[in-house]
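Quick notes on the structure that follows.
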Amino acid sequence: NDDRLGAWPARAWVVDGATDLGAPGLFGPVGGAAWLAEAAGHGFATATGTSAAETCAQMFQHVAHRFEAERTREIAAPWEVPKAAFALAQWARGGLEVAWCADCAVLLGSGARARWCTPAPDSTAEAADAQAVGGGAALTGAVLTDRRDHRSDPDHMALSPSPKASAKATRYAEVEAQPGDDVILMSDGFSSLVADYARYDAETLLAAVRSQGLAALVAEIRQIEAGDAACVRFPRFKVSDDATALWLRIV
């Protein structure tokens with residue numbers, strides 16, 4: 001799993017490195033997805049920001065400095081620049097602050113009520129792209145070309161080694177929350193239960209996490225994917241994506 005997650009008493013995060021579109025090389029034997037997820041996770045862990053915005057700004061700079069120090073050569077093509085999605089939840093100034101980039105999501109549960117702190121997971125556009133170019137096959141031929149073109153788009157909004165681009169792609173929200181509430185951070189591989197496979201909505205996903213735990217839900221994801229290994233019923237670019245989630249409670 002190339003995703004990374006972590007938590008401190010007042011801060012938690014999930015980072016989802018975008019699938020590598022070529023062999024490792026920019027960071028030696030380490031793929032770009034794993035490298036960026038680890039660097040961003042370390043940036044979140046070592047940040048001293050007292051707000052989500054300050055924490056993210058420090059993480060962006062941490063990633064940029066490590067990129068210049070650790071890459072082994074010049075960038076060969078725009079698609080080779082590592083990209084990632086992330087979600088951050090931070091208890092700050094007596095309330096919950098959330099930051100996110102791309103398609104990682106945060107769900108807040110208060111009693112039986114659930115609501116998305118980020119946009120509700122939605123894979124409609126990506127599923128349409130996958131269906132159009134024949135996703136689900138190996139990343140070769142037209143599928144690989146399409147994904148490289150998508151990654152190279154100057155308007156591709158994701159975490160990257162550029163602090164300016166990362167800041168432009170990141171969104172923030174202040175969320176009303178209180179002790180006893182549940183906070184669930186997830187990569188899109190986990191939120192596929194909502195966005196791709198339509199097994200749950202916000203309320204039923206919250207109830208399932210509470211009653212079954214995260215591991216059982218990941219097993220459900222893998223069962224669905226194994227039953228559609230050709231990616232026909234649920235168009236997507238690969239059979240299985242890394243599925244990562246972190247479940248916390250405000251105390």
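The values are calculated or read from the model by the stated rules, or taken from the named source; none is laboratory data. Treat the numbers as computed from the prediction; the structure is a model and nothing was measured. Methodologically, a virtual Cβ is constructed for each residue, glycine included, from the backbone with ideal geometry; neighbour enumeration extends over all protein chains shown. Ligands, DNA and RNA are stripped out before the accessible areas are found, and what is left, the full protein with its side chains, is counted by its heavy atoms. Shrake-Rupley method; radii C 1.70, N 1.55, O 1.52, S 1.80 Å.
Given 203, 174, 225, which one is farther than 18 Å from residue 110 by Cβ, surrounded by 13 or more Cβ atoms within 10 Å (Cβ to Cβ), modelled with pLDDT of 95 or more and out of contact with any Phe, Trp or Tyr (no Cβ under 7 Å at 6 or more places or on another chain)? If you could, list the steps in order and put the result at the bottom.
Details: 203 fails: farther than 18 Å from residue 110 by Cβ; 174 fails: farther than 18 Å from residue 110 by Cβ.
Criteria check complete, one pass: 225.
So that you can scan it fast, the table gives a plain yes or no per residue for (1) farther than 13 Å from residue 11 by Cα; (2) open to solvent by less than 50 Å² (accessible area, probe 1.4 Å); (3) touching a residue at least 12 places away in the same chain (Cβ under 8 Å):
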| site | (1), (2), (3) |
| --- | --- |
| 31 | yes, yes, yes |
| 45 | no, yes, yes |
| 69 | yes, no, no |
| 74 | yes, no, no |
| 90 | no, yes, yes |
| 97 | no, yes, yes |
| 110 | yes, yes, yes |
Do you know which of the residues in region 86-101 that are modelled with pLDDT of 95 or more, of a type outside the set (Asp, Glu) and in contact with a helix residue (DSSP H, G or I) (Cβ under 7 Å, 6 or more places away or on another chain) is farthest from residue 46 (Cα to Cα)?
-> 101
Would you check which residues across region 112-128 are crowded, with 18+ Cβ neighbours inside 10 Å, out of contact with any strand residue (DSSP E or B) (no Cβ under 8 Å at 6 or more places or on another chain) and of a type outside the set (A, V, I, L, M, F, W, C) and list them?
-> 123, 126
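Which helices (runs of 4 or more DSSP H) does region 98-188 wholly contain that include 3 or more residues that are within 21 Å of residue 243 (Cα to Cα)?
Numbers: elements: 124-133, 141-152, 163-169.
Filter on region 98-188 gives 124-133.
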